[in-house]
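Before any comments, here is the structure.
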Amino acid sequence: LGAMALGMFYWNFPVARTFLGDGGSTLLGFLCMSQLSMDCGVFFAKTPVPVLFAVLFLIGGVPFIDTAVSILRRVLSGKSPFTPDRGHIHHRLLDKGVSQTAVLLLLSAAHGLCIAGGYVLLVVAGS
């Protein structure tokens, strides 16, 4: 799974040269969250379930928040939540003149902070 993600990173940094597509990105996301869910259930069986859900939410981090905000924004504006637009976080940053590399680094850092927060929560609540 990690090799698959690193392979995509290799071919898409610094500028995208290949496209994962909806099917590939859905599969990759599903496999990542399935693995995390199973790992949490096996290794952290004594941790309260609400804490595990919070940890999974934090590990999902930026992509989860971006998807939720996009769906909510579209529904509140009377549009279909399945209609594409340029309202995602990365599009907004690119439209403001931020470079692709800076957007990648910024969102990666934000996601890293979410993951670190999930880990801290797991360690604190699990002990």
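General observations
- When Gly112, Gly61 are screened for being out of contact with any strand residue (DSSP E or B) (no Cβ under 8 Å at 6 or more places or on another chain), surrounded by 14 or more Cβ atoms within 10 Å (Cβ to Cβ) and either among the acidic types (Asp, Glu) or in a helix (DSSP H, G or I) (or both), only Gly61 passes.
- Criterion: farther than 23 Å from Ser34 by Cα and in contact with a helix residue (DSSP H, G or I) (Cβ under 6 Å, 6 or more places away or on another chain) - qualifying residue of Leu104, Leu52, Leu72, Leu93: Leu93
- Counted residues, region 64-91 - those being assigned to a helix (DSSP H, G or I) and either within 30 Å of Leu121 (Cα to Cα) or acidic (Asp, Glu) (or both): 12
- Count of residues meeting criterion [closer than 17 Å to Pro14 by Cα, at pLDDT 90 or above and surrounded by 11 or more Cβ atoms within 10 Å (Cβ to Cβ)] in region 81-107: 11
Each row is one residue, and each column tells you yes or no for (1) in contact (Cβ under 8 Å) with a residue 40 or more places away in the chain; (2) within 20 Å of Thr26 (Cα to Cα).
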{"position": "Leu56", "(1), (2)": "yes, yes"}
{"position": "Pro63", "(1), (2)": "yes, yes"}
{"position": "Ser77", "(1), (2)": "no, no"}
{"position": "Leu104", "(1), (2)": "yes, yes"}
{"position": "Cys114", "(1), (2)": "yes, no"}
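- Number of positions in region 31-48 that are assigned to a helix (DSSP H, G or I), more than 21 Å from the chain's Cα centre (by Cα) and at pLDDT 80 or above: 0
The values are calculated or read from the model by the stated rules, or taken from the named source; none is laboratory data. Not measured: the values here are computed from a predicted model. Please note: Cβ atoms are built from the backbone with ideal geometry, for glycine as well, and neighbour counts cover all protein chains shown.
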